[in-house]
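Read the figures in this text as sums done on the coordinates, not as results from a lab. From a predicted model like this one, the values you see are computed outputs, not experimental measurements. Counting neighbours? That spans all protein chains shown, and the Cβs are built from the backbone with ideal geometry, glycine included.
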Amino acid sequence: MPTTTVVRRTESAREVLRRQFVSRTVGQNWQEIISDLYIPLEFEALRSGPFHAQIQHHRIGRLDLSHYTTDPERVDRRQQHIDPHAQPYFMLQIQMSGTTAYEHLGQEYSLTPGSFTLIDTTEPYSFMHTDVQSALCLKVPALALRGRVIDPVAFCGRQIEVKDSYSRGGLKLLTGATAESYGLTLADAPHIEAYLLDTIALILNMSADRTPINGTSARRAIHRRATSFMQSNLHRPELSPEMIADGTGISLRYLHRVFEDSGVSVRNALMNFRVEHAMASLQDPQLFPLSMKEIAFRCGFKSQSHFASAFGARFGITPRQARSAVR
């Protein structure tokens with residue numbers, strides 16, 4: 001019989017799971033656990049006999065942080081696991097101990113302690129390790145990361161080495177987050193989520209192959225300022241590209257050029273942020289008393305019908321269905 005011990009503490013700001021896991025059925029329960037916490041995957045134990053694994057999982061706002069240690073295994077995300085209508089995510093994998101071999105986007109590479117990779121969950125990938133290994137995984141909504149990092153897919157399918165003190169400090173902050181998140185309150189969660197997203201963006205942007213000062217660097221910085229301005233002003237229905245350019249301190253023409261580099265127009269980026277914020281609000285237990293109309297206005301929609309239309313176009317469900325899914 002497999003033995004699984006689960007301690008589940010749910011507070012409105014985040015969910016914490018601690019699982020001590022031993023399976024004599026070659027990992028069937030472990031596959032269910034990781035598919036539930038991450039995305040649908042296929043698991044195979046690489047040694048006969050009992051399979052041992054341990055995982056700590058934390059949910060902070062829209063982010064999922066997991067620190068896990070496992071026996072040798074192979075994990076595959078195949079094309080049949082990918083739902084084209086599901087919300088897309090990126091997963092930042094930070095290697096803590098051991099060596100893990102990855103295949104993603106047609107590339108083969110390995111992670112060693114201190115290195116990391118970014119995975120696009122809309123594409124197949126696999127990883128395997130032949131010894132006990134430990135890693136930290138952060139699952140981030142794709143739109144949330146695209147709002148801070150131009151072309152995050154450019155960081156996928158490769159090992160990234162930390163080469164500067166800022167990035168090393170950022171990695172320490174992320175790896176420490178799993179240990180420090182138990183004291184969070186509901187009021188903390190949005191601020192910690194934003195802080196972690198900014199830290200991830202810092203690590204990725206500092207790891208990009210570029211010179212310290214050039215046109216690309218300047219546009220990245222302007223893109224971050226513009227998206228930050230958008231996120232701070234989502235409640236304003238009159239928010240426009242002209243206002244964003246003025247708030248960022250650049251011309252409207254240059255703003256459009258910066259966003260063209262990211263592959264998402266200014267107006268589409270703004271709408272993405274509005275519906276993402278709406279989804280987070282609908283799934284926030286403290287905001288359950290708010291009506292659909294109130295949620296719409298908080299996210300800057302001028303009418304409930306406009307809100308429902310934009311939300312449905314992005315997620316394929318109604319706002320009421322999104323709220324019902326977590327109640």
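Summary table below
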| read-out | value |
| --- | --- |
| Interatomic Cα distance distribution for the stretch 256-318, bins of 5 angstrom, percent | 3, 19, 26, 22, 14, 9, 5, 2, 0 |
| Kirkwood Rh in Å, taken over the stretch 215-324 so that all alpha-carbon pairs contribute | 14.6 |
| Per-residue ³J(HN,Hα) for the stretch 266-273, Karplus 6.51 cos²θ - 1.76 cosθ + 1.60, θ = phi - 60°, Hz, x for Gly and Pro | 4, 5, 5, 4, 4, 5, 4, 5 |
| Sorted by Cβ density within 10 Å, fewest first, the residues Lys172, Lys139 | Lys172, Lys139 |
| Set of aspartates and glutamates near Lys302 by C-alpha distance (under 15 Å), chain-local residues within fewer than 8 positions excluded | Glu238, Glu294 |
| Rg/Rh (Cα only; Kirkwood hydrodynamic radius) as it applies to the stretch 70-117 | 1.00 |
